[in-house]
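Asks: One structure is given below, represented as structure tokens, and several questions about it will come after.
What follows is calculated from the coordinates using simple rules that are stated; it is not laboratory data. Only a predicted model underlies this, so the values are computations on that prediction, with no experimental measurement involved. Cβ coordinates were reconstructed from backbone atoms using ideal geometry, including for glycine residues, and neighbour counts include every protein chain displayed.
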Amino acid sequence: MLGEEAAEDLVNWMDHVERERAEWREAMRADFAELRQEMQAGFAELRQEMQVGFATLRQEMAQMEARFERRFSDLIKWSFVFWVGAVAAIAMLAGALR
């Protein structure tokens, strides 16, 4: 069995451990709350940057689409010119061979 002094020391030690545990718990809660706030601020900033980036990307894609449409219309135009020229050449050749 423990003596009275040893029992008192054990109780004091257990009280000390409990106080330290409570202090650590509060410190951890405060640290996690601070971390949570920092993460929320970081995520909000990231969200804003992503919105700006996506808006820029959409604008660039619209410009690319406009360029593709111009190139496609140029292709159609030159294809038409080629086929008209080819048909005219065949017609002239057919007329010359008669």
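Asks: Output the 0 to 90 degree angle, nearest 10, between the alpha-carbon long axis of helix 4-97 and the longest principal axis computed from the alpha carbons of the chain.
Replies: The helix 4-97 is inclined about 0 degrees to the chain.
Asks: Determine, from the Cβ-Cβ distance of V81 and E60 and an R0 of 30 Å, the FRET efficiency 1/(1 + (r/R0)^6), rounded to the nearest 0.05. Mind dumping the intermediate values first?
Replies: Working: r = 32 Å, r/R0 = 1.05.
In this case the efficiency is close to 0.40.
Asks: Using a Gaussian network model on the chain with a 10 Å cutoff between Cα atoms, which of A41, A55, A88 fluctuates the most?
Replies: A88
Asks: Can you work out the FRET efficiency for the pair S73 and E49, with r the C-beta to C-beta distance and R0 = 35 Å, to the nearest 0.05? Don't jump to the answer; show the numbers that get you there.
Replies: Working: r = 37 Å, r/R0 = 1.04.
Once rounded, the FRET efficiency stands at 0.45.
Asks: Counting only other residues whose beta carbon sits under 11 Å from that of H16, what net charge do I get with K and R as +1, D and E as -1? Could the numbers behind the result be given before it?
Replies: Values: positive: R19, R21; negative: D9, D15, E18, E20, E23.
Net of charged neighbours comes to -3.
Asks: Could you compute the net charge surrounding E26? Neighbours are other residues with a C-beta less than 12 Å from the C-beta of E26; K and R count +1, D and E count -1.
Replies: Working: positive: R19, R21, R25, R29; negative: E20, E23, D31.
Surrounding charge for E26 is +1.
Asks: Turning to a different aspect of this structure: [x] 9; [y] 37; [z] 71: which one is percent of Cα pairs over 24 Å apart as calculated from this entry?
Replies: The value matching this structure is [z].
Asks: Rounded, prolate or oblate, given the Cα gyration tensor of region 20-72, with a/c below 1.5 counting as rounded? Don't jump to the answer; show the numbers that get you there.
Replies: On the way: a/c = 13.65, a/b = 7.81, b/c = 1.75.
Because a/c hits 1.5 or more and a/b exceeds b/c, region 20-72 counts as prolate.
Asks: For the chain, set up a GNM with springs between Cα atoms under 10 Å and report which of G85, G53, G42 has the largest fluctuation.
Replies: Highest fluctuation among the options: G85.
Asks: Where does the charge balance sit around Q37 when Lys and Arg score +1, Asp and Glu -1, over other residues with C-beta under 15 Å from its C-beta?
Replies: Numbers: positive: R29, R36; negative: D31, E34, E38, E45.
Net charge in that neighbourhood comes out at -2.
Asks: Which residues among region 1-24 fall inside the zone where the amide N is under 17 Å from a point 7 Å beyond the Cα of D31, along Cα→Cβ?
Replies: Label zone hits: 20-24.
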